[in-house]
Amino acid sequence: MNKNEIIKDAESRMKKSVEAIREDMAKIRTGRASTAILDHLKIAYYGNPTPLNQVASVSVADARTLTVTPWDKSIVPIIEKAILESDLGLNPATAGEVIRIPIPPLTEERRVEMTKLVRAEGENGKVAIRNIRRDANHHLKELLKSKEIAEDEEKKALDDTQKLTDRYVEQVDKLVADKEVEIMEV
C-alpha cells in the first residue's frame, strides 16, 4: 500500500462514517413527521423480520402525521403491534387499510434528552473518524520505517490526513448542529 492509497482509503472510510451518522440522525425523532423514524422498524412477515418499507408504503400526510399503507391487508395488525412495541413512543390508529401515526410534539424535557443523544452520536462519529486517522498515520509511519517514503513525504501525508480528519469532523459537527436545531424547533 502506498501513501496515496492509504489516504484514499482513509477518506472513503471517513465518508462512510459520516454517512452512517447521517442515517443514525435521521432515525432520531423530532417533533416533525419524517418517514426515516420508521426505517429501522422490522415486522414479522411470514415469520421473517422484514423492514417496514418493504411491505408497506410509508409517507408523510402532514407535518405531524405519517401514514403506512401495507400492500397486504392481512398484516395491518402486525404492523400496528410493531409500531406500538417499538421504542418510538408512537400510537398508531388504523382506518381500514391505512395506519395513521400522529407524531406527538416533544416535551421540553424530551427535547433536551434528544439533543444529548444527538451530541453523543456526533461524538461517537468523531471518535470513529479520529480512529481512521490514527490507522492511516500508523500505516504512513510504517512506510517511513521500511524506507518506502522519505521523511518529507511522510510529513506531507500526515498533514493531508489531518486536513481530511478536520474536514469530516466539521461535517459531523454540522450534522449535529442541524439536528439540534430541528429538535428544538417547536
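Quick one: helix 151-184 against the long Cα principal axis of the chain, what's the angle to the nearest 10°, folded into 0 to 90?
For helix 151-184, the angle is close to 20 degrees.
Calculate the FRET efficiency for ASP166 and ASP39 from the Cβ-Cβ distance with a Förster distance of 35 Å, rounded to the nearest 0.05.
According to the calculation, E is roughly 0.70.
Take the eigenvalues of the Cα gyration tensor for the chain, scale each by 5, and report the square roots as semi-axes in whole Å, largest first.
44, 20, 11
Relative to the longest principal axis of the chain, what angle (0 to 90°, nearest 10) does the C-alpha long axis of helix 76-85 take?
Here the helix axis deviates by roughly 60 degrees.
Please say if segment 21-69 is rounded, prolate or oblate, where rounded means a/c under 1.5 for a ≥ b ≥ c the square roots of the C-alpha gyration tensor eigenvalues, and otherwise the choice is prolate for a/b larger than b/c and oblate otherwise? Present the calculation step by step, with values, prior to reporting the outcome.
Values: a/c = 3.07, a/b = 1.42, b/c = 2.17.
Taking the square roots of the gyration eigenvalues as a ≥ b ≥ c, segment 21-69 is oblate.
By a straight-distance test (C-alpha under 20 Å), which aspartates and glutamates pair with LYS174 as possible cross-link partners, with residues fewer than eight away in the same chain excluded?
Within the straight-line limit of under 20 Å, LYS174 reaches these aspartates and glutamates: GLU11, GLU19, GLU23, ASP24, GLU113, GLU121, GLU123, ASP166, GLU182, GLU185.
What lysines could a cross-link reach from LYS8, if we take a straight Cα to Cα line under 21 Å and drop same-chain neighbours fewer than 8 places away?
List returned: LYS16, LYS126, LYS141, LYS145, LYS147, LYS155, LYS156, LYS163.
State the extension gain, in nm to one decimal, for the chain segment bounded by ALA61 and LEU84, taking 0.36 nm per residue of separation less the distance between their alpha-carbons.
Here the answer is 6.4 nm.
Quick one: divide the alpha-carbon radius of gyration of segment 35-102 by 2.2 N^0.38 Å and tell me what you get.
This ratio for segment 35-102 stands at 0.98.
With a 10 Å radius around each residue's Cβ, average the other Cβ atoms per peptide and rank 86-93, 49-56, highest first.
49-56, 86-93
Bear in mind these aren't lab numbers, they're just calculated from the coordinates by the rules spelled out. Please read all numbers here as calculations on a predicted model, not as lab measurements. Cβ sites come from the backbone with ideal geometry, for glycine too, and all protein chains shown count toward neighbours.
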